[in-house]
Amino acid sequence: MQTIAVTGKGGTGKTTFASLLVKHLSTNNKAILAVDADPNSNLDMRLGLRVQQTIGDLREDLLKESFPAGIAKNELIEYQTRLALVEGDTFDLIAMGRPEGPGCYCYINNVLRDVLDRLSVNYDYVVIDNEAGMEHLSRRTTRDVDVLFIISDVTALGITTASRIKKLSEDLNLVVGKTYLVLNEVKDSVPDSIKGQIKQQQLDLIGAIPTDPLIEEYALEGKSFFELPSDSAALKAVREIAERSIAP
């Protein structure tokens, strides 16, 4: 099982990248689990599925409700977690949802981590769409990440933010195999000034995704990116990035 995490500041296209990555990996007849770990969940829309319950919803319900007699708490939490899993034709999806509210979640969180870790080992690839803070990764029982993609726009601020996210992953003591920078919405070519800043920040640029009118069109119409044609410029770029960075 390989864990692939995608992060970046809001608006850089990390959810687009994550969904296109899932689409590409799904063509290899591999078992894929997509994890929407951004509280502003919309990965399901990009993948053409609909999440009915998130782990955040489940956690709140479990905190408020009393557990039925005769049923072990951990068994009930595992059962409810599996109900939150949305099954697709070529991949499955689970959404982490909202962060914790007031109250003590220690026991529930510990069981949830164990359940999600056991669930993950049933897949060849786990693709996690994170918020920039990477809260979900920091709370995982299994913190190993094989590939971390940091998505950035083609701006000096974007590169600076990408560098800070990389440092954050190091501060969280995450075990990361490889960390790559991906530039998104590149109109023509990457300016020399941006290349210089990337080198200065010691970021490893793995590829650039060109501006793709189809991405904007599908997003505006609410169409799943799984319906994109194989010659989509953005999809082709993600495919090339994956082939250079992810083990088959």
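Rule-based calculations on the coordinates, nothing more; no lab input. All figures in this text were calculated on a predicted structure; none of them were measured in a lab. Note that each Cβ is placed from the backbone with ideal geometry, even for glycine, and that neighbours are counted across all protein chains shown.
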Residues with amide H under 5 Å from that of T3, placed H, sequence gap 5 or more: V126, D146, V147
5 angstrom amide H check on V154, placed H, neighbours 5+ away: N184
Taking E78, E227 and counting other C-beta atoms within 10 Å, the order from fewest to most: E227, E78
Hz values of 3J(HN,Hα) by residue in region 176-191 - Karplus curve (6.51, -1.76, 1.60), Gly and Pro given as x: 10, x, 9, 10, 10, 9, 10, 8, 10, 6, 7, 6, 10, 9, 6, x
With Cα atoms, 0 to 90° folded angle of helix 73-84 axis to the chain main axis: 40 degrees
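Hand me the trypsin sites (Lys or Arg not before Pro) from region 1-60 located in a DSSP loop with no more than 16 other Cβ atoms within 10 Å, in residue order please.
K30, R50
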Per-residue ³J(HN,Hα) for region 241-246, Karplus 6.51 cos²θ - 1.76 cosθ + 1.60, θ = phi - 60°, Hz, x for Gly and Pro: 4, 4, 5, 8, 10, 10
Helix axis angle, 14-26 relative to the chain longest principal axis, alpha carbon, degrees: 80 degrees
Highest-MSF residue in the chain out of I55, I194, I32 [GNM, Cα springs under 10 Å]: I194
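Report the relative contact order of the chain, percent, no decimals, based on alpha-carbon pairs under 8 angstrom and at least 6 residues apart. Intermediate values should be presented prior to the final figure.
On the way: 428 pairs, mean separation 69.3, N = 248.
With pairs under 8 Å counted, the relative contact order is 28 percent.
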Proximal lysines relative to K178, as straight alpha-carbon distance under 29 Å, when same-chain residues fewer than 8 apart are discounted: K9, K14, K23, K30, K166, K167, K187, K195, K199, K236
For G207, residues with placed amide H under 5 Å, excluding near neighbours: L183
Using alpha-carbon coordinates, inclination of helix 156-171 to the longest axis of the chain, degrees: 40 degrees
Choice from N184, N29, N130 showing the highest fluctuation, given a GNM over the chain with Cα pairs closer than 10 Å: N29
